[in-house]
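Here is the structure we will look at.
The values are calculated or read from the model by the stated rules, or taken from the named source; none is laboratory data. Computed from a predicted structure; not experimentally measured. FYI the Cβ positions are ideal-geometry reconstructions off the backbone, even for glycines, and counts take in every protein chain you see.
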Amino acid sequence: MKIISIANQKGGCGKTTTSINLVSTLALNGKKTLLIDLDPQAHATLGLNRDDKNSIYNVISRITPRKLSLRDIVQRVDKNFDIVPSNVLVGTLEQELADEIGREMKLSECIATVKDAYDYIIIDCPPSLGFLTVNSIRASHEIIIPVEMSRFSVQGVEHLIDIINLIRDRLNHPVTPRVLITMFDSRLRHSFSMLDKIKRQFGDMLFATIVHTNVKLKESAVEGKPVMAYDKYCRGAKDYYTLAKELIALEDGVRLPAAAAVVEAPAATVAFSGRMQETVTREMESMLTTFSILAPEAQSVYVSGSFNEWAIDESCRLTRRGDVWSTRLALPSGLYRYQFVVDGRWQPDPAHERRESNGFGDMNSILEVEAAAHA
């Protein structure tokens, strides 16, 4: 059983969206999952249209006239998906328990009564580093820190890691931090610039999965549904389903490449002379695979696929020549699945008929790269 907090003191970085949709997709993968809404704003509770009359406040508080256990307030959202609601009273707990010994253990004590019933417990933290967030970190094995493409969000990661280190040192409770890129707009150069900085700063803490900007994520919250229940074929649904798969893989000891993995360019050609130089150059050229698409109205085009872990970065950006966009990538022989990303919209290659369903309601193009023939 794994307990994971989702936290960042910077608001507006997709924390609650991630909490709801990660739990939903873990549940769809057959994992029994509980979402604990620990935010007094109760956005996760509101975003799933749940009743907030009885909340986590009634479990932790000493003075509530309606004292309940965690099992008493668990509500079923869907198969394998339960929630513990929050409400505005949760915000009073810090003052109520300010002088109590062991106050940082209150949530851990509550979770202990139900943890055997779940594979994952996900905690949606408030956008602060106070009493509630410290309780959540103390109860957790891991922390997922959502980061959108702004300096303030990155600064929130730094502050949160300071708190994680403090809890490790003072309470002897180590927690594994993981950074999740959210609200990524692949149409903006700024996004890639920030992504490069985040990758250099946080390195191995990064998830391979990137959650892209997608209006369906906001629409689903308005409807009170996880995005998979609202539109399972949209990009947001794909991203969170991929995140759940990655998280499960990490539990099995399988580590995917870091976010925005770069496809390395072919090694520089050794300086030969005469016919040898021509031969080497010709062999190097034969190793390059051309991707091209007719898109006269496009502002940006990328190619993404199994050859680069479905990343979108400068290494797979196509160059425009007239109405045609193209690039050449060095690919070893093998079978690859890919799509073009035209102004943020994913689509199969219109020039290739060989395709297969990708399980998300659309098609991946199939490319087979054969080993270069040698005379």
- Query: Could you list, in sequence order, the residues of region 83-142 that are of a type in the set (S, T, N, Q) and outside any helix (DSSP H, G or I)?
  - Reply: Ser86, Asn87, Thr113, Ser128, Ser140
- Query: Among the listed residues Asp169, Asp119, Asp124, which satisfies the condition of being farther than 26 Å from Ala27 by Cα and out of contact with any His (no Cβ under 7 Å at 6 or more places or on another chain)?
  - Reply: Asp169
- Task: Report yes if some residue within region 160-178 is in contact with a Pro (Cβ under 8 Å, 6 or more places away or on another chain) and either of a type outside the set (Val, Ile, Thr) or not assigned by TED's automatic domain parsing to the domain that holds Asp51 (or both); otherwise report no.
- Result: yes
- Return yes when Ser69 is over 16 Å from Ser24 (Cα atoms), in contact with an Asp or Glu (Cβ under 9 Å, 6 or more places away or on another chain) and in contact (Cβ under 8 Å) with a residue 24 or more places away in the chain and no when it is not. no
- Would you be able to say whether some residue in region 67-77 is in the same structural domain as Ser140 (by TED's automatic domain parsing), polar (S, T, N, Q), touching a strand residue (DSSP E or B) at 6+ places or on another chain (Cβ under 9 Å) and part of a loop (DSSP other than H, G, I, E, B)? no
- Note on the structure: Expected single match for small (Gly, Ala, Ser), crowded, with 16+ Cβ neighbours inside 10 Å and out of contact with any Gly (no Cβ under 7 Å at 6 or more places or on another chain) among Gly102, Gly203, Gly156, Gly130 is Gly156
- From the set of residues in region 143-197 that are out of contact with any strand residue (DSSP E or B) (no Cβ under 7 Å at 6 or more places or on another chain) and β-branched (Val, Ile, Thr), which is nearest to Pro127 (Cα to Cα)? Ile163
- Task: Could you look through region 177-232, keep only residues that are assigned to a helix (DSSP H, G or I) and hydroxyl-bearing (Ser, Thr, Tyr), and pick out the one that is nearest to the chain's Cα centre (by Cα)?
- Result: Ser191
- Item | Flag for Ser24 being polar (S, T, N, Q), touching a residue at least 60 places away in the same chain (Cβ under 8 Å), touching a strand residue (DSSP E or B) at 6+ places or on another chain (Cβ under 8 Å) and surrounded by 24 or more Cβ atoms within 10 Å (Cβ to Cβ) | yes
- Across region 7-43, what is the total count of residues that are under 21 Å from His212 (Cα atoms), modelled with pLDDT of 95 or more and not polar (S, T, N, Q)? 4
